[in-house]
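> Once you've had a glance at the structure underneath, I'll fire off some questions.
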Amino acid sequence: MKNLLPRTKMLDEAKQVIRNKDVPEAENSKPAGHNAVVEILIFIAVFIVIEIISSIPSGVAETIDLMSNEEYITLTEQLNSGELTINEYSDAVTELGMEISGSLTLPALFLTCIATVLVIVFCRFIEKRSLSSMGLRKSGAVKEYFVGIIVGIGIFSAAVGICLVTNGLKYDGISQNINFGMIGLFFLAFLIQGMSEEIMFRGYLMVSVSRRSPIAAAVIISAVLFACAHLFNPGISVLAFVNLVLFGVFAGVYILKRGNIWGACALHSLWNFVQGNFYGIKVSGMSGLDTVMNMTSVEGKELINGGAFGLEGGLGVTIVLVIGTVIVLMTKTKPDELAEEI
């Protein structure tokens, strides 16, 4: 595994050394960071705080929309007059809140930029890490991003192909009255959202864990916690969770082989975008997006198409991610990104 995942410059830059000038270097050198358990606990605390801060704008917007909604006002009047019980009122308001939340999906995706900024601030000023140690390296950034776009489109399209061939998906044609303007906005929003998750789970967590733990362990830990962050998504299943872990492993390996995070940000973003806004498939349980094509999940084929969670909950995605990870593992790490001691 060491040969498959050699230490790269971005990992070495994160593995700082703290020294006491009054003590010989050989007797007092200590790599930065903590053991895996402590790193996980710190990450969970940071993740919760960032999620709370990031959710404030959306929460305020949802509350304003709900309080001014005519249906909500009517429900409140019916509760006060005794026409509705408190349970009936609660259920109706919850359903209305979910509808409002769904209508705010686009701004919520754009607002993930808050999490991106906060993670970078934490790594830069609390962990004292450089931007390049998070994979945000300047060299070849544009090229790497465009390669990632192609990879993201390609691997998800391969999963769609598997589902079509096995009759797990039914193609229903091109959508009527395609809203290209809205689709374009979702494209930009997913570029931000995909980058946010990659910087959080790979640029921060995976690299931080790698400072004192084996690289393979860092990849797996970041992948599992990435999957855990999606546990409350609609339609989540055991296979969906496994696939989310596999996606995290694939992205982690891709970053290590390329020596930067740009390509993984792009492939993650395009994976989500083509899934929801091109093929018309649920994105981790999220549906109702403007789309170019219409696809229907065939009943009885949930093991292949993922059912309520979308393709990410089916074997089509499992196959693609396993094969993709093996292929990336077998490729050579970019020579100019290898750490000096390799």
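The values are calculated or read from the model by the stated rules, or taken from the named source; none is laboratory data. Everything numeric in this text was worked out from a predicted model, so none of it was measured. Don't worry about glycine lacking a Cβ; one is built from the backbone with ideal geometry, like all the others, and counts go over all protein chains shown.
> Do we have ASN233 as within 25 Å of GLY307 (Cβ to Cβ) and outside any helix (DSSP H, G or I) here? It would help to see each step written out before you state the result.
Details: within 25 Å of GLY307 (Cβ to Cβ): yes; outside any helix (DSSP H, G or I): yes.
For ASN233, the condition - within 25 Å of GLY307 (Cβ to Cβ) and outside any helix (DSSP H, G or I) - is met.
> Among the residues of region 107-122, are any small (Gly, Ala, Ser), modelled with pLDDT of 95 or more and out of contact with any Pro (no Cβ under 8 Å at 6 or more places or on another chain)?
Keep residues of region 107-122 that are small (Gly, Ala, Ser), which gives 108, 115.
Filter again for modelled with pLDDT of 95 or more, leaving 115.
Those left that are additionally out of contact with any Pro (no Cβ under 8 Å at 6 or more places or on another chain): 115.
Within region 107-122 (the criterion being small (Gly, Ala, Ser), modelled with pLDDT of 95 or more and out of contact with any Pro (no Cβ under 8 Å at 6 or more places or on another chain)), the answer is yes, since at least one residue qualifies.
> Next question. Anything in region 203-260 that is in contact (Cβ under 8 Å) with a residue 24 or more places away in the chain and aromatic (Phe, Trp, Tyr)? List them, or say none.
Passing the criteria: TYR204, PHE226, PHE247, PHE250, TYR254.
> Can you tell me which residue among GLY152, GLY97, GLY59 is exposed (fewer than 15 other Cβ atoms within 10 Å of the Cβ) and either under 22 Å from SER287 (Cα atoms) or touching a Pro at 6+ places or on another chain (Cβ under 6 Å) (or both)?
On the way: GLY152 fails: exposed (fewer than 15 other Cβ atoms within 10 Å of the Cβ); GLY97 fails: exposed (fewer than 15 other Cβ atoms within 10 Å of the Cβ).
Being exposed (fewer than 15 other Cβ atoms within 10 Å of the Cβ) and either under 22 Å from SER287 (Cα atoms) or touching a Pro at 6+ places or on another chain (Cβ under 6 Å) (or both) holds for just one of GLY152, GLY97, GLY59, which is GLY59.
> Given region 245-342, what helices (runs of 4 or more DSSP H) lie entirely inside it while holding 3 or more residues that are of a type in the set (A, V, I, L, M, F, W, C), surrounded by fewer than 22 Cβ atoms within 10 Å (Cβ to Cβ) and modelled with pLDDT of 90 or more? Explain how you work it out, then say what you get.
Numbers: elements: 262-273, 302-305, 315-330.
Correct list: 315-330.
> Taking SER222, is it in contact with a Gly (Cβ under 8 Å, 6 or more places away or on another chain), of a type in the set (Ser, Thr, Tyr) and either at positive phi or at pLDDT 95 or above (or both)? Even if it seems obvious, please write down each step before you answer.
Values: in contact with a Gly (Cβ under 8 Å, 6 or more places away or on another chain): yes; of a type in the set (Ser, Thr, Tyr): yes; either at positive phi or at pLDDT 95 or above (or both): yes.
Considered against the rule, which asks whether it is in contact with a Gly (Cβ under 8 Å, 6 or more places away or on another chain), of a type in the set (Ser, Thr, Tyr) and either at positive phi or at pLDDT 95 or above (or both), SER222 comes out as yes.
> Here is a further query. Can you tell me which residue within region 126-160, out of those that are out of contact with any Phe, Trp or Tyr (no Cβ under 9 Å at 6 or more places or on another chain) and free of Cβ contacts under 8 Å to residues at least 60 places away in the same chain, is nearest to MET200 (Cα to Cα)?
If we take residues in region 126-160 being out of contact with any Phe, Trp or Tyr (no Cβ under 9 Å at 6 or more places or on another chain) and free of Cβ contacts under 8 Å to residues at least 60 places away in the same chain, then LEU131 is nearest to MET200 (Cα to Cα).
> Quick check on region 224-242. Is at least one of its residues buried (at least 24 other Cβ atoms within 10 Å of the Cβ), closer than 17 Å to PHE43 by Cβ and not β-branched (Val, Ile, Thr)?
no
> Still on this model: Identify the residue in region 55-91 that is among the small types (Gly, Ala, Ser) and assigned to a helix (DSSP H, G or I) and, among all such residues, is nearest to THR116 (Cα to Cα).
Our first condition is that a residue be among the small types (Gly, Ala, Ser); within region 55-91, this holds for 55, 58-59, 61, 68, 81-82, 90.
With the extra rule that they be assigned to a helix (DSSP H, G or I), the set shrinks to 55, 58-59, 61, 81, 90.
Working: SER55: 13, SER58: 16, GLY59: 18, ALA61: 21, SER81: 47, SER90: 35 Å.
Looking at residues that are among the small types (Gly, Ala, Ser) and assigned to a helix (DSSP H, G or I), I get SER55.
> Please determine whether any residue of region 169-191 is without any contact (Cβ under 8 Å) to a residue 40 or more places away in the chain, on the phi > 0 side of the Ramachandran plot and surrounded by fewer than 17 Cβ atoms within 10 Å (Cβ to Cβ).
yes
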